[in-house]
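For reference, the structure is listed below as structure tokens.
The values are calculated or read from the model by the stated rules, or taken from the named source; none is laboratory data. Quick caveat, the model's predicted, so the values are computed rather than measured. Please note: Cβ atoms are built from the backbone with ideal geometry, for glycine as well, and neighbour counts cover all protein chains shown. We work out accessible area using only protein heavy atoms, side chains counted, and drop any ligands, DNA or RNA first. Shrake-Rupley method; radii C 1.70, N 1.55, O 1.52, S 1.80 Å.
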Amino acid sequence: MIKTSVNLAGVELKNPVMTASGTFGSGMEYSEFVDLNRLGAVVTKGVANVPWPGNPTPRVTETTGGMLNAIGLQNPGIDVFCRRDLPFLKKFDTKIIVNVCGKTAEDYCEVVERLGDEPVDLLEINVSCPNVKEGGIAFGQNPKALEQITREVKKYAKQPVIMKLSPNVTDITEMARAAEAGGADVLSLINTLTGMKIDIHRRTFALANKTGGMSGPAVKPIAVRMVYQVANAVKLPIIGMGGIATAEDALEFIMAGATAVSVGTANFYNPYATVEIADGIEKFMKEQKTEDISELIGAVK
Amino acid sequence: MSKKVKKSLKIVSQEKIAEDIYSMWLQADEIADNAKAGQFLSLYTRDGSKLLPRPISICEIDRENRRIRLVYRVTGKGTGTEGFSRLHSGVALEVLGPLGNGFPLEEAKGKRVFLMGGGIGIPPMLETAKELDAEKTAVLGYRDELFLDDEFKNYAKVYVSTENGSAGTKGNVLDAVRENGLDADVIFACGPAPMLRAIKAYALEKGIPCWISMEERMACGIGACLACVCQSSEIDEHSQVHNKRVCKDGPVFLSTEVEL
Ligand SMILES: Cc1cc2nc3c(=O)[nH]c(=O)nc-3n(C[C@H](O)[C@H](O)[C@H](O)COP(=O)(O)OP(=O)(O)OC[C@H]3O[C@@H](n4cnc5c(N)ncnc54)[C@H](O)[C@@H]3O)c2cc1C
Ligand code: FES
């Protein structure tokens, strides 16, 4: 019997494969393509205390081997989310991770507190979205602010807290240590890399927001490097992400030190990607005669 | 509800029908069985560096042979659509579909209907014309060179406009309507935003319902990523803000539901 289950701050996932926030909605649309019961966890689109309209369009643009997005965390607000999205996800045998966004520390804490009584397994705090002006990234690019917001959120959180780190910093290990010092239970990385594309024919920015977050296979080597660095800097479990499209990609992250992995942009061009990756990891373990996935986590020193 | 799948479809045939305009038939099997007029397919390139889908409207459905026809414009050098134009029959293409809602044909049943298409917004009006049981007038707007206009003649009375006046009325589709003294009870339209804006205003003035097919940049194509939103007049039930998803709630909207 092969053991693919992993443990994140006391929460047992049947396998390490989860979705990356913002690419999978609350799973409803993708449930037409994949059996959500097969996933370790579903990570929802970021949700705030009130509905957010997001940014003007164009919100996405293609880049070589990747894409830029500036959705701006459009979301229906915590009330509708709890009434509609959570009951849907609850029907599946998968862990539920809610991504939380806000403009102020109070916003984050309000959502976190509200989720305390809901059937949610883990909270992922989005302090690294490059596409919203206030809050978001402001907390994620300064170690002091990150430690502070982590500590605040932990006061209100009933579930274990994942802090999602931005790669748009000089030294990601410094941020990882700050989150750890603030009491984070798990770290997830990387959020998107800030980028820009210019439409030379129209002499304008390709995105209405001017800048966007880059994701997709083109960013994977940067993400693997950062996961490796963070894994060697802190004791917390890590959720690795950034351009994962295949089981081989996922295994790179795991060997670099990630306990679990998130699949994001790949869902857009392969809606079956998550389950294919879960299957692929199991197949690799069989071929390699690996009995427990924990043997692979951080296997590369 | 139509069931969506992503799969590899064989190209049955492909031909160039005008400058930069290509017509392609795909062996679509269950995607053809489930497809409706006004829906679209997401096409994926064979180039690993171009990840995002190219949304292309369904131009025709051959239900008997389970095939779908797409008519698309090559938008420039090195683009995904240029890549598609180079593919020969027998080659496979990755497709996700059928996507979106389609035109509400029942709303026009038995009525006098305008099927208005502008440029590369013309193709989806062909299957719509074919399936619609109504008194149909197709008003087709081109920049210059005509395409598909002959095929519309099998299903509708056809009027054309061209920007340079080389065929039909000089001007746009509404100029053709005025010049020919045309009238309708319902409008179905697809085309560039300025054209849709003018048609929406025309429908409001005439007090007739009008459905328009909109365009926006997409990533998932199925309603999950919120890339493709348009502005809605009222707070949308799903989003809880003034945004609707073109890929899932559309691409066809009642013109008064959306801000253009
Ligand atoms: C619902 C819908 C139906 C459409 N139906 C047709 C059709 O029947 N025939 C046709 O020729 N065109 C249609 N279009 C427009 C078509 O999607 C774009 O022309 C095409 O995606 C351009 O891709 P490219 O590879 O040529 O350009 P690239 O520059 O290589 O495209 C880069 C990226 O931008 C996106 N993009 C570029 N232009 C557009 C656009 N106008 N709309 C949406 N995304 C765009 C592409 O999908 C791709 O992800 C439709 C668009 C939508 C939204
Ligand atoms: S393209 Fe993702 S929601 Fe429409």
Checklist entry - How compact and how long is chain B, expressed as Rg and Dmax of its alpha-carbon atoms in Å? => result 17.5, 51
Checklist entry - By how many nm would the segment from B:Thr75 to B:Asn154 grow when fully extended, if each residue of separation counts as 0.36 nm and the alpha-carbon distance is taken off? => result 25.5 nm
Checklist entry - Under 26 Å Cα-Cα from A:Lys235, which lysines qualify once same-chain neighbours fewer than 8 residues away are excluded? => result A:Lys3, A:Lys14, A:Lys95, A:Lys144, A:Lys154, A:Lys155, A:Lys158, A:Lys164, A:Lys220, A:Lys301
Checklist entry - Cα centroids of region A:62-88 and region A:151-171: how far apart, whole angstrom? => result 19
Checklist entry - In chain B, what % of DSSP beta bridges are antiparallel (nearest 5)? => result 60
Next on the checklist: What's the total accessible area buried between chains B and A, using a 1.4 Å probe, rounded to the nearest 100 Å²?
Outcome noted: 2700
Item to check | Calculated [θ] (222 nm, deg cm²/dmol) that DSSP helices of n ≥ 4 give over the protein assembly as shown, each run adding -39,500 (n - 2.57) | outcome: -6500 deg cm²/dmol
Checklist entry - What ratio of Cα Rg to 2.2 N^0.38 Å holds for region B:5-99? => result 0.98
Item to check | Convex hull projection area averaged over all views, region B:104-212, Cα basis, nm² | outcome: 5.8
Item to check | Antiparallel bridges, percent of DSSP beta bridges restricted to the protein assembly as shown (to nearest 5) | outcome: 55
Item to check | Cα-based Rg of chain A normalised by 2.2 N^0.38 Å, two decimals | outcome: 0.92
Checklist entry - Over region A:56-172, what is the percentage of antiparallel beta bridges among all DSSP beta bridges, to the nearest 5? => result 35
Checklist outcome for this item: Using alpha-carbon coordinates alone, the radius of gyration and Dmax of region A:190-301 in Å work out to 16.4, 56
Checklist outcome for this item: In whole angstrom, the spacing between the Cα centers of region B:52-105 and region B:1-34 equals 5
Item to check | Neighbourhood net charge (13 Å Cβ-Cβ; Lys/Arg +1, Asp/Glu -1) for B:Cys247 | outcome: +3
Item to check | Above-threshold pairs, the threshold being 25 Å between Cα atoms, out of A:Lys283/B:Lys4; A:Lys45/B:Lys4; B:Lys111/B:Lys200 | outcome: A:Lys283/B:Lys4
Next on the checklist: Taking all protein chains in place and a 1.4 Å probe, what share, in percent, of the accessible surface of region B:214-260 do carbon and sulfur account for?
Outcome noted: 42
Checklist outcome for this item: Averaged per residue, the 1.4 Å probe accessible area of the protein assembly as shown, protein heavy atoms only, in Å², is roughly 39
Checklist entry - In region B:160-260, how does Rg compare with the Kirkwood Rh, expressed as the Rg/Rh ratio over alpha carbon atoms? => result 1.05
Checklist outcome for this item: Gyration tensor (Cα only) of the protein assembly as shown to equivalent ellipsoid, semi-axes in Å sorted down, yields 46, 25, 20
Checklist entry - Can you run phi through the Karplus equation (6.51, -1.76, 1.60; θ = phi - 60°) for region A:263-277 and list ³J(HN,Hα) in whole Hz, with x for Gly and Pro? => result 9, x, 3, 4, 4, 5, 10, 8, x, 9, 3, 4, 5, 4, 5
